[in-house]
Ligand SMILES: NC(=O)c1ccc[n+]([C@@H]2O[C@H](COP(=O)([O-])OP(=O)(O)OC[C@H]3O[C@@H](n4cnc5c(N)ncnc54)[C@H](O)[C@@H]3O)[C@@H](O)[C@H]2O)c1
């Protein structure tokens, strides 16, 4: 019995593969872009096939391994990059999802589509709420979600959608807020704060997300939407203050221009699932420890402009 995890070499994907591989045969299909790294899967039992979610090769891989379930996490995921250069987001996040849906129509596997709370925009949202995305990233994720719904309705596909809130934890690429703040502080650099820093996010520890998706892969119901909030809502300044306490240093803040279209808050409600959420401070302690102990993992990545720049979405700087 095989589970195919598309995007399984990324941050959430590799945590999910760790969880799934305890009980299942896992095949990872991943293009290994800048965010997907074989290092993320070191010591984890899996088969890796390199490939593009939007290509027909995916169908060959499905034919070869006959997975009963396919979980799709493959995506371009960084909002700043989507402002800088949006096209790839549509190709991977929309056409990629369409390709998985087509493969599911052809081969009949169960499809777990991983989306995001960002599709709802700033309004508080339960699972029925309308989609109101603000960035090219969240618009591409919302587009894919609509395709999943259409395929369930039109072709009666066994598919459903999971929408986690902001994840953090080990192996997150240093472009993202928490690893960027931790690593820049370890290197003695300041940490950029977009706008007034009062934007609210709801943080969930990545292993909590992995456990829920792993359970849903068995128990999720066709056509459902599952919201997966972390129940740890803080604004960015509060988050950086707590992070500084955990690191035992004062994080040097640098206020910079706000990024265009920046949502003031995400506010997602879960009315369907029961799951454990790690308290924010505990999750941050584990995360900081991991980045302190695994410099080898992040040192090759810090030349990336989305780590180094204070306003990296800006063109031509
Ligand atoms: N990280 C978060 O806070 C968060 C929150 C909610 C939802 N999500 C969603 O969860 C999923 C995983 O996010 P993540 O943070 O692990 O992302 P990530 O950027 O760390 O990893 C993305 C993975 O997808 C792979 N990939 C990219 N383009 C591909 C392509 N064309 N074909 C095959 N593989 C490709 C990359 O190589 C990488 O392994 C995404 O769908 C994202 O939208 C993430």
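The values are calculated or read from the model by the stated rules, or taken from the named source; none is laboratory data. Keep in mind that what you see is a predicted model, and the values were worked out from it rather than measured. A quick note on method: Cβ atoms are made from the backbone with ideal geometry, for glycine too, and the neighbour counts reach across all protein chains shown.
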Next item on the list: Count, please, the residues in region 267-280 that happen to be in contact with a helix residue (DSSP H, G or I) (Cβ under 6 Å, 6 or more places away or on another chain) and either within 19 Å of residue 313 (Cβ to Cβ) or part of a helix (DSSP H, G or I) (or both).
Entry: 0
Item checked: Among the candidates 184, 163, 171, residue that is surrounded by 20 or more Cβ atoms within 10 Å (Cβ to Cβ) and on the phi > 0 side of the Ramachandran plot -> 171
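Can you tell which of 270, 236 is within 21 Å of residue 80 (Cα to Cα), in contact with a strand residue (DSSP E or B) (Cβ under 9 Å, 6 or more places away or on another chain) and in contact (Cβ under 8 Å) with a residue 24 or more places away in the chain? Lay out the reasoning, then the answer.
On the way: 270 fails: within 21 Å of residue 80 (Cα to Cα).
Of the residues listed, the single one that is within 21 Å of residue 80 (Cα to Cα), in contact with a strand residue (DSSP E or B) (Cβ under 9 Å, 6 or more places away or on another chain) and in contact (Cβ under 8 Å) with a residue 24 or more places away in the chain is 236.
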Item checked: Condition check for residue 314: loosely packed, with under 14 Cβ neighbours inside 10 Å, over 19 Å from residue 227 (Cβ atoms) and more than 20 Å from the chain's Cα centre (by Cα) -> no
Check: Residue check: is residue 85 modelled with pLDDT under 95, more than 20 Å from residue 167 (Cβ to Cβ) and more than 12 Å from the ligand (Cβ to nearest atom)?
Finding: yes
Item checked: Selected residue (criterion: nearest to the ligand (Cβ to nearest atom)) from residues of region 111-121 that are touching a residue at least 60 places away in the same chain (Cβ under 8 Å) and in a strand (DSSP E or B) -> 114
Next item on the list: Determine if region 148-158 includes at least one residue that is at pLDDT below 95, in a loop (DSSP other than H, G, I, E, B) and in the same structural domain as residue 220 (by TED's automatic domain parsing).
Entry: no
Item checked: Matching residues in region 38-75 - criterion: being buried (at least 22 other Cβ atoms within 10 Å of the Cβ), in a loop (DSSP other than H, G, I, E, B) and within 13 Å of the ligand (Cβ to nearest atom) -> 53, 73, 74, 75
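Could you tell me whether any residue of region 9-24 is assigned to a loop (DSSP other than H, G, I, E, B) and within 10 Å of the ligand (Cβ to nearest atom)?
Step one: filter region 9-24 for residues assigned to a loop (DSSP other than H, G, I, E, B), giving 9-10, 21-24.
In the following step, the residues that additionally are within 10 Å of the ligand (Cβ to nearest atom) were identified as 9-10.
Yes, the conditions are met somewhere in region 9-24.
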Notebook entry, point to check: When region 286-307 is examined, which residues are found to be at pLDDT 95 or above, in a helix (DSSP H, G or I) and surrounded by fewer than 15 Cβ atoms within 10 Å (Cβ to Cβ)?
Noted result: 289, 292, 293, 295, 296, 299, 300
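If you check residue 35 against the conditions, is it more than 8 Å from the ligand (Cβ to nearest atom) and either assigned by TED's automatic domain parsing to the domain that holds residue 214 or surrounded by fewer than 17 Cβ atoms within 10 Å (Cβ to Cβ) (or both)? Reasoning before the result, please.
Values: more than 8 Å from the ligand (Cβ to nearest atom): no; either assigned by TED's automatic domain parsing to the domain that holds residue 214 or surrounded by fewer than 17 Cβ atoms within 10 Å (Cβ to Cβ) (or both): yes.
Answer is no for this residue.
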Checklist line | Cross-chain or 6+ apart pairs with Cβ under 6 Å, region 89-104 first and within 14 Å of residue 60 (Cα to Cα) and assigned by TED's automatic domain parsing to the domain that holds residue 54, then within 10 Å of the ligand (Cβ to nearest atom) and not in a helix (DSSP H, G or I) | finding: 99/54; 100/72
